[in-house]
Amino acid sequence: MQSNTNFDSKAGVFARNIYGTTKGHIRLAVLQRDLDALLAALPQGKKLRILDAGGGFGPLSQGLAALGHSVVLCDLSADMLALAQEQVTEKGILSQFEFIHGPIQALMVSDVGQFDLILCHAVLEWVEHQAELLACLEALLVDDGHLSLMFYNRDGLLYHSLVMGHFDYVYADLVKKRRQKLTPGWPCRPEQVNDWLQRLGFVITDRSGVRVIHDYMVNKTFRLEQADEVIAMELAHAKIAPFMHLGRYIHVVANKTLAKAPKEST
């Protein structure tokens, strides 16, 4: 049985405390820029079939649907899907959406078909069996399709803990004594995610850090009062090393190639 995290009863909290804040605006700005670049490189006029896997209320897929693409929004939380349906109805794009209530791992190609683009943002770190989830997404993607994957960066979490002097947390291997409800249970090592993607036959074509500056700022008032400038600086440094690697999240765009990575001999 898969160990997934369900955010029922927290839809409003996510909308307010994440997407309604500067850090949420940074997330959307970086993701939107990367997706705009991807769409610009695809054949113009082609309408995509998109899976928003664990997409909550679909803050990004709603914009893609408004462009004429069709979206299947899958989430474990009925509350999230209800909020999504309410919002897309108000925007007049309900006909572009299909909603599936359940775990991503239960999606079968025989039932839902395959997709040109899969969004999986801030999901991987809430799933215990991460490699299996990525394999599921690969199966649901057409050959030469694209995966937009954003995950909670364990390296960024470690660095933030070090600069904040949370050494007990570092000594405990970043495991909290008392787990907080909105703290991901399985932060991801970028090298491990890269390896999983490669073994599944993906080639990473784009990469950005998300919140490469915001969380390290000493003056917290500044990041609220000068939010637009902070977001501009985030965008300016999101793809530049070493800042990119210190983001609290990492966003990668990966292309599913026809050639699979060779299996290890036993």
(message) I want to check the label-to-label distance for residue 139 and residue 167. Put each point 7 Å from Cα in the C-beta direction and report it in nm to one decimal.
(response) 4.8
(request) Compute, for residue 176, the solvent-accessible surface of its heavy atoms (probe 1.4 Å) with the complete set of protein chains present, and express it in square angstrom to the nearest 10. (result) 80
(message) I'd like the accessible area for residue 221, computed on protein heavy atoms only with a 1.4 Å probe and all protein chains in place. Round to 10 Å², please.
(response) 70
(message) Let's test the formula: R0 of 25 Å, r as the Cβ-Cβ distance of residue 203 and residue 109. What FRET efficiency results, to the nearest 0.05?
(response) 0.70
(message) At 0.36 nm per residue, and after removing the present C-alpha to C-alpha distance, how many nm does the segment from residue 128 to residue 192 gain when stretched out fully?
(response) 21.6 nm
(request) Report the net charge of residues surrounding residue 88, where surrounding means a beta-carbon distance below 12 angstrom and charges are Lys +1, Arg +1, Asp -1, Glu -1. (result) -3
(request) Using only the Cα atoms of segment 78-203, build the gyration tensor, take square roots of its eigenvalues as a ≥ b ≥ c, and label the shape rounded, prolate or oblate: rounded if a/c is under 1.5, else prolate if a/b is larger than b/c, else oblate. (result) oblate
(message) Among DSSP bridges having both ends in segment 114-266, what percentage is antiparallel? Round to the nearest 5.
(response) 70
(request) Apply 1/(1 + (r/R0)^6) to the Cβ-Cβ distance of residue 90 and residue 228, taking R0 = 30 Å, and write down the FRET efficiency to the nearest 0.05. (result) 0.70
(message) When a/c reaches 1.5 or more, the comparison of a/b and b/c decides; with that in mind, is the chain rounded, prolate or oblate per its Cα gyration tensor?
(response) rounded
(request) Looking at the chain, send over the antiparallel percent of its DSSP beta bridges, to the nearest 5. (result) 45
(request) Assign unit charges at the C-beta atoms only (+1 for Lys and Arg, -1 for Asp and Glu), then state the dipole size of the chain relative to its Cα centre in Debye, rounded to the nearest 20. (result) 480
(request) At a 1.4 Å probe radius, which order do 213, 93 fall into by accessible area, largest first? (result) 213, 93
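The values are calculated or read from the model by the stated rules, or taken from the named source; none is laboratory data. Since this is a predicted model, take the numbers as computed values, not measurements. We place every Cβ from the backbone using ideal geometry, glycine too, and count neighbours over all the protein chains shown. These area figures cover heavy atoms from the full protein model, side chains too; ligands, DNA and RNA do not enter into them. Shrake-Rupley method; radii C 1.70, N 1.55, O 1.52, S 1.80 Å.
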